[in-house]
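No lab work stands behind these numbers, since they all come straight from the coordinates. Note that the structure is predicted; figures quoted are calculated from it, not measured. Positions of Cβ are generated from backbone atoms using ideal geometry, with glycine treated the same way; all protein chains shown enter the neighbour counts.
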Amino acid sequence: MFHMFLIIGGDSEIGAAAFAALKTQGRVVVATTRRRDLVGQDRLFLDLAASLDKWEPPQGAASACVCAAVARLADCAADPQASARINVIQTLALVDKLVRRGIYVLFLSSNQVFDGRVPQVPPGATHSPVSEYGRQKARTESVLHDYMVRGAPIGILRLAKVVSPGMPLLQRWIADLARGKSISAFSDMKLAPTHIELVCSAISSLLSERASGIFQLTGPRDVTYADVGCFLAMELGVESSLVQTTSARAAGLPEGATPLHTTLDSTALRDRFGLEVPDVWQVIESVIDSDVSQSRKMQNAG
């Protein structure tokens, strides 16, 4: 049966990766873009900042993943009204339009809907956001939950830190450490990273099954960014003293940037689809292998 997937926000990191992964799987997939110069047969123009009155999803679309959002904590904190227009008002208007046409909707959400005081938060826990971004995601989730209760075909996928090969921060740290240059890493900011490939697998599985409910995908435990820096130093065979610890709070990062925990209970995806995030160091190794190998070659050549 003809089953088209629609990626809302194909220019985003996750949206672009999901679009490419679905294409590789041989799926029929269309993505949206805010860039007029990228519009094509499988790229439709959609700007959530503009009116949605005349926008229509493509014929044949059966499942859609909403990746588009103002996702930076600082941006949401700096302009709550403008970011909420995208993350709440326009997103809900879009979901309503899709659902009314019988299209299943998968909404990407965040661990930021919780305060991070406890690890492995279950899917049904009460929202407790600290950041403006988290409050906006929680507001949208609440409305979508009401839709689901009434039988609407909607799923929510909560994520925390998603990492990809070529991640600029890690590339920069590896290059600096390989040259014997010190790096600064936050000792009070944590992550439980998930490889973007696994995120794409989760999106593909949920879209294919039109799975309703709340699903979560994070690593099993948190480490600090300083821990990651020390791990990179070890991998490169350089002194861990090159990793200088600093404070995210002291640096003035926005409220909600330093939760004690970022992990979410991800057993539903494991039990239903066999998707499980490996330990943090396996995830980090999977995104830095090529960068570390290249730096080692440069060290040896020098």
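Can you flag which of Lys137/Lys190; Lys97/Lys137; Lys23/Lys54 are past 26 Å Cα-Cα? Could the numbers behind the result be given before it?
Values: Lys137/Lys190 20 Å; Lys97/Lys137 19 Å; Lys23/Lys54 28 Å.
Checking Cα-Cα distances, Lys23/Lys54 exceed 26 Å.
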Estimated dipole of the chain in Debye, rounded to 20 [Cβ of Lys and Arg +1, of Asp and Glu -1, Cα centre]: 600
Computed ³J(HN,Hα) along the stretch 273-284: with the Karplus parameters 6.51/-1.76/1.60, θ = phi - 60°, integer Hz and x for glycine or proline, the list is 10, x, 9, 8, 7, x, 4, 3, 6, 5, 5, 4
Got a sec to turn the phi values of the stretch 188-196 into Karplus ³J(HN,Hα) couplings, 6.51 cos²θ - 1.76 cosθ + 1.60 with θ = phi - 60°, whole Hz, x for Gly and Pro? 10, 10, 10, 8, 10, x, 10, 5, 4
Which label belongs to the value computed from this structure, given these candidates for volume of the Cα convex hull per residue in Å³: [x] 122; [y] 173; [z] 143? [z]
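Determine the sum of side-chain charges near Ala77: Lys and Arg each +1, Asp and Glu each -1, restricted to other residues whose C-beta is under 14 angstrom from that of Ala77.
Its environment carries a net charge of -1.
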In whole Å, largest first, what are the principal axis extents of the Cα atoms in the stretch 25-180? 57, 41, 34
Taking the Cβ of each residue in Cys200, Cys65 as the centre, tally the other Cβ atoms inside 10 Å and list the residues starting with the fewest. Cys200, Cys65
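Would you order Glu285, Glu132 from fewest to most other beta-carbon atoms within 10 Å of each residue's own beta-carbon? Intermediate results must be reported in sequence, preceding the final value.
On the way: Glu285 14, Glu132 24.
If I rank by nearby Cβ atoms, fewest first, I get Glu285, Glu132.
Pairs of alpha-carbon atoms within less than 8 angstrom and 6+ residues apart define the contacts here; what relative contact order does the chain have, in percent? Please report the intermediate quantities before stating the final value.
Values: 573 pairs, mean separation 57.2, N = 302.
This gives 19 percent for the chain.
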Compute the signed sum of charges (Lys and Arg +1, Asp and Glu -1) over the other residues within less than 10 Å, Cβ to Cβ, of Leu260. -1
Residues whose modelled amide H sits under 5 Å from the amide H of Ala64, counting only those 5 or more places away in sequence or on another chain, are Leu6, Tyr104, Val105, Leu106
May I ask which residue of Met189, His127, Thr267 lies farthest towards the positive end of the charge dipole of the chain, with charges of +1 (Lys, Arg) and -1 (Asp, Glu) on Cβ and the Cα centre as origin? His127
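What does the net charge come to around Ser208 if you take all other residues with beta carbon closer than 14 Å to its beta carbon, with K and R at +1 and D and E at -1? If you can, show how the numbers build up before the last one.
On the way: positive: Arg27, Arg210, Arg272; negative: Glu209.
Cβ neighbours under 14 Å give a net charge of +2.
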Charge dipole of the chain built from unit charges on the beta carbon (Lys, Arg +1; Asp, Glu -1), centred at mean Cα; most positive-end Cα among Gly151, Gly102, Phe5 is Gly102
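Using a Förster distance of 30 angstrom, determine the FRET efficiency expected from the C-beta separation of Thr246 and Glu13, and round it to 0.05. Don't skip to the end; give the middle numbers.
Values: r = 25 Å, r/R0 = 0.84.
Once rounded, the FRET efficiency stands at 0.75.
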Convert each backbone phi in the stretch 33-39 into a coupling constant with the Karplus relation 6.51 cos²θ - 1.76 cosθ + 1.60 (shift: θ = phi - 60°), then list the ³J(HN,Hα) values in order as whole Hz, x for Gly and Pro. 9, 8, 9, 4, 6, 9, 5
